[in-house]
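The values are calculated or read from the model by the stated rules, or taken from the named source; none is laboratory data. The shown structure was predicted, so the numbers you read here are calculated from the model rather than taken from an experiment. Note: ideal-geometry Cβ built from the backbone for every residue, glycine included; neighbour counts use all protein chains shown. Calculation scope for accessible area: heavy atoms of the full protein, side chains included, ligands and nucleic acids excluded. Shrake-Rupley method; radii C 1.70, N 1.55, O 1.52, S 1.80 Å.
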Amino acid sequence: MSETMATVLPDSSERTRQLKRRPMTVRKLSRLLPMHLLLIVIALVTAFPFYAMLVLSVQPGQPIQMPQALFPTTISFDAFIETLSSRNIPRWALNSAIYAIVSTVFVLLFASMAGYAFAKKRFPGREVIFWVLVAMLMIPYHLTIIPQYILVGDMGGLNTMWGMLVPTLANTSAMFLMRQFIHGIPDELLDAAKIDGAGEFRTFWSVILPQTKPILATLATFVFLAHWNDFLWPMISQQSVENHVLTVGLNTLQEEQVPLATIMAAAVISFIPTFLVFIFFQRYFVRGVMMTGMK
Amino acid sequence: MTSTTTRPTLPATPEPPAATPPRRRRHWWNSKEAIAGYIFIGPMVLLFAVFRIWPAIYGIVLAFGDYSLRRTYTFIGLDHFIELFQDAIFWDALKVTVIFAAIQMPLAMIVSLGMAQLCNRALRGMGIYRSIFFLPTVTSSVLIALVFMWIFSGSGPINALLEMFGLEGVGWLTDRFWVLPTLAILSVWSSFGYNMLILLAGMLAIPTEYYEAASLDGASGWAKFWHITLPNLKPALFFVLIIETIKSLQTFDSIFVMTGGGPARGSYTLTFMIYDQGFGYFNFGYASAAGVVLLIITLALSLIQRKIVGKND
């Protein structure tokens with residue numbers, strides 16, 4: 001984990017490598033110790049809610065007494081068994097997975113197609129269309145969500161998977177990043193493909209896309225997590241219980257006064273994919289943050 | 001990170017079309033390249049026009065009209081806005097929104113900057129610390145809200161800690177005074193990793209020579225931070241500032257899950273009012289008018305950002 005974060009922040013990795021070469025002296029250790037202690041304390045505070053979630057999920061049926069609640073003497077997985085055998089929660093997890101995975105695939109496809117055309121194709125209106133798309137990022141989501149609800153309702157998409165999914169596919173920040181990246185691919189590569197007789201779609205599929213793997217991976221983690229964690233639109237567009245995604249379902253559990261351990265077990269289940277994606281694709285996610293954050 | 005990937009995402013200057021090799025002029029309708037271009041942007045533009053542009057325009061149109069559940073629209077001009085400006089609930093919501101941003105933003109800036117400074121050193125295991133600090137950023141806001149509800153509940157760990165020190169517990173989410181600071185703490189906890197990373201990247205871009213020169217002049221650590229780090233970090237700081245402000249204006253999930261706008265509308269923000277009017281009472285027009293106010297505030301902030309950052313570039 002530490003390696004991945006270091007490779008994305010180049011200077012620090014360089015310095016870490018230098019650091020590793022030098023032997024550690026006692027004096028140095030005593031100087032570094034307070035820094036480590038401070039960082040450990042902050043890390044513990046940051047990680048505390050995750051710890052609390054785990055601890056509460058393995059203590060079903062017990063009165064929540066502080067501070068004993070935080071140091072469980074007995075561990076029981078009853079809440080997990082109950083959660084997983086309930087009709088709804090596996091269903092919600094499946095909905096979340098479909099919503100996140102299918103959206104990611106199509107966002108990546110459409111964003112890279114459009115990014116490619118905006119970077120490498122000349123056609124009338126290219127700049128105008130592009131800047132209209134990017135400028136719309138300024139419109140607050142909360143203003144558009146009511147018309148979007150009316151529109152999807154008129155199309156008969158409320159309470160359907162496509163009605164939830166399709167409106168989220170026009171991801172212009174993804175398109176913007178793709179365009180910036182594809183712009184850096186040399187034109188010679190495209191010309192070579194053309195000389196080899198590759199058609200337009202073939203050029204895109206087997207020349208451009210393989211070149212964009214790093215950014216595709218970055219966007220995939222970003223989009224997957226954003227959709228897995230999405231709440232407002234899935235809640236508004238899906239009223240029936242079996243169509244909820246996990247985040248919406250979690251909230252209904254809370255409203256229905258389900259025992260805390262069950263809620264926390266469901267929370268742990270919803271957290272697992274996030275955590276796995278974060279651990280394995282952390283490097284890409286960090287890169288994504290840097291790309292969106294730097295001017 | 002190569003130079004191609006770190007370049008900006010926010011509108012810089014458009015690349016000149018000269019990037020593509022010049023070729024014979026032809027009418028676009030029989031230019032294969034143009035047709036291919038339109039086909040490639042087709043799906044995105046179509047989705048975008050239907051699900052982004054149309055709703056944005058219709059959102060503004062709705063604000064100037066009445067939309068009943070029988071799906072008829074009548075233009076009523078500024079009536080919603082006049083009503084809005086006479087509505088005590090709207091002014092309360094605006095007040096709550098501004099107070100929340102005023103608490104959340106400085107807190108977020110101080111914590112993010114402090115953490116970036118703390119993490120900006122070569123230390124064994126630093127990658128692991130950073131990963132932990134970054135984990136809340138990727139976690140679902142609903143999950144975070146649920147856990148924080150327990151942490152800040154009357155018999156939760158925060159109050160238990162206070163009582164251990166002989167202090168009286170606080171109704172973090174049930175007391176009108178404490179609810180906004182509590183939501184602000186949650187918001188800072190869940191986003192400082194993101195801001196920290198942006199500031200950290202900004203710090204790493206500052207040439208080390210500056211610091212070495214300052215060291216030769218005998219500058220203290222604090223002086224270096226004040227005279228080298230901060231001035232060089234300005235663009236990154238403004239970016240974080242504006243992003244955080246817009247995010248705090250649009251906070252919704254945690255409020256919806258934890259307080260439902262309460263207690264006694266103590267956390268009833270503008271976004272919550274839009275939701276409440278829209279999907280609670282189905283006053284689509286009235287909700288959209290509040291949405292237009294949010295749009296204006298957001299645009300104003302973005303313009304300010306452009307002005308300030310533009311000056312620094």
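Details
- Among the residues of region A:64-114, the one identified as over 25 Å from A:Ala47 (Cα atoms), of a type in the set (S, T, N, Q) and open to solvent by 50 Å² or more (accessible area, probe 1.4 Å) is A:Ser85.
- Residue among B:Val188, B:Val240 that alone is more than 23 Å from B:Leu303 (Cα to Cα), touching a helix residue (DSSP H, G or I) at 6+ places or on another chain (Cβ under 6 Å) and among the β-branched types (Val, Ile, Thr): B:Val188
- Residue in region A:273-293 that is closer than 19 Å to B:Asp253 by Cα, open to solvent by less than 10 Å² (accessible area, probe 1.4 Å) and in contact (Cβ under 8 Å) with a residue 40 or more places away in the chain present: yes
- Members of region A:151-171 that are assigned to a helix (DSSP H, G or I), open to solvent by less than 10 Å² (accessible area, probe 1.4 Å) and at the interface with chain B (Cβ under 7 Å from one of its Cβ atoms): A:Pro167
- Residue in region B:64-77 that is farthest from B:Asn283 (Cα to Cα), counting only those that are more than 12 Å from every other protein chain (Cβ to nearest Cβ) and open to solvent by 100 Å² or more (accessible area, probe 1.4 Å): B:Phe75
- Selected residue (criterion: nearest to the other protein chains (Cβ to nearest Cβ)) from residues of region B:174-185 that are within 23 Å of A:Met264 (Cβ to Cβ) and either more than 29 Å from the chain's Cα centre (by Cα) or open to solvent by 30 Å² or more (accessible area, probe 1.4 Å) (or both): B:Ile185
- Count of region A:229-247 residues which are more than 19 Å from A:Glu82 (Cα to Cα) and either within 18 Å of the chain's Cα centre (by Cα) or hydrophobic (A, V, I, L, M, F, W, C) (or both): 8
- Residues of region A:112-139 that are under 28 Å from A:Val277 (Cα atoms) and in contact with a Leu (Cβ under 7 Å, 6 or more places away or on another chain): A:Ser112 alone.
- Residue in region A:12-20 that is facing chain B (nearest Cβ under 7 Å), open to solvent by less than 90 Å² (accessible area, probe 1.4 Å), at pLDDT 80 or above and not in a loop (DSSP other than H, G, I, E, B) present: no
- Out of A:Arg202, A:Arg179, A:Arg122, sole residue that is basic (Lys, Arg), under 30 Å from B:Ala300 (Cβ atoms) and in contact with a helix residue (DSSP H, G or I) (Cβ under 8 Å, 6 or more places away or on another chain): A:Arg179
- Filtered residue count, region B:130-168, keeping only those that are more than 30 Å from B:Ala201 (Cβ to Cβ) and facing chain A (nearest Cβ under 10 Å): 14
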